[in-house]
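The values are calculated or read from the model by the stated rules, or taken from the named source; none is laboratory data. All of these numbers come straight from a predicted model, not from anything done at the bench. No Cβ is skipped: glycine too gets one built from the backbone with ideal geometry, and neighbour counts run over all protein chains shown.
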Amino acid sequence: MTDNTIDPNETTATRRQRGERIAAELSGDPNPALLQTLDREFPFLANAVTSYAAGEILARTVLDVRTRQLALVAAFAALGLGDFIKLHGGYALNAGVTEDELKEIVYLTTIPAGFPRAIQASRAVAELIDARRGDV
C-alpha cells in the first residue's frame, strides 16, 4: 500500500503484518490482548480485522492517527458501542488526544445520535479515563 492506494498484488499476509504493527503502535503493546484472543478463538475474524481494518484502513495517511481515532470514537459513540469507544478512545489518548477532547466528542454525539447515545458514550469515556487513572 503506497500513497493511500491498494496494491492489487499485495498479499493478505503483507497486509496482516502491517496491521499487526499498527495495532501494536496504537495500543502500546507488542502483542495486543484483543488480537491474541481473536486469533485463538476466531482466527478468520482476527485475520479480517488485522489485514483489512488495521492493515488497509488504519494504514492510510490522509488523516493523522489522532484525527482518525477521534473520528472512530465519534462513530462508535453514535452507534452506542461502548467497548469500541473505550478501545479507540485509549488509542486516541495514546496518540495525544486529551481527556477534554474525548469529552467533547460525547457532547457532539447529541447532534447526530441524541442524548441516550451521548449518555452511553459518556459512561464509556468515564470508565476509560478512570481505568487509565487507576480509579477503578
* Quick one: which residue in A53, A23, A33, A74 is assigned by TED's automatic domain parsing to the domain that holds V125, closer than 24 Å to V125 by Cα and either of a type in the set (A, V, I, L, M, F, W, C) or touching a residue at least 60 places away in the same chain (Cβ under 8 Å) (or both)? => A74
* Structure fact -> Checked segment 118-127 for anything over 15 Å from L72 (Cα atoms) and not small (G, A, S); matches are I119, Q120, R123, E127
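Listed here are the residues, each with its yes/no results for (1) crowded, with 20+ Cβ neighbours inside 10 Å; (2) modelled with pLDDT under 95; (3) over 30 Å from E10 (Cα atoms).
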{"position": "A71", "(1), (2), (3)": "no, no, no"}
{"position": "A92", "(1), (2), (3)": "yes, no, no"}
{"position": "L108", "(1), (2), (3)": "no, no, yes"}
{"position": "P112", "(1), (2), (3)": "no, no, yes"}
{"position": "P116", "(1), (2), (3)": "no, no, yes"}
{"position": "L128", "(1), (2), (3)": "yes, no, yes"}
* Qualifying positions in segment 78-136 - over 16 Å from the mean Cα position of the chain (by Cα) and aromatic (F, W, Y) -> Y107, F115
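Right, T61: over 13 Å from the mean Cα position of the chain (by Cα) and either buried (at least 20 other Cβ atoms within 10 Å of the Cβ) or at pLDDT below 95 (or both) or not? Let's see the steps before the verdict.
Working: over 13 Å from the mean Cα position of the chain (by Cα): yes; either buried (at least 20 other Cβ atoms within 10 Å of the Cβ) or at pLDDT below 95 (or both): yes.
Taking the combined requirement at face value, the residue satisfies it.
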* Which residue pairs have Cβ atoms under 9 Å apart, sit 6 or more places apart or on different chains, and have a first residue in segment 110-136 that is without any contact (Cβ under 8 Å) to a residue 40 or more places away in the chain and in the same structural domain as I85 (by TED's automatic domain parsing) and a second that is surrounded by 11 or more Cβ atoms within 10 Å (Cβ to Cβ) and outside any helix (DSSP H, G or I)? -> A113/G80; P116/G80
* To do: Give the residues of segment 3-32 that are surrounded by fewer than 13 Cβ atoms within 10 Å (Cβ to Cβ), under 24 Å from D64 (Cα atoms) and hydrophobic (A, V, I, L, M, F, W, C), sorted by residue number.
  => I6
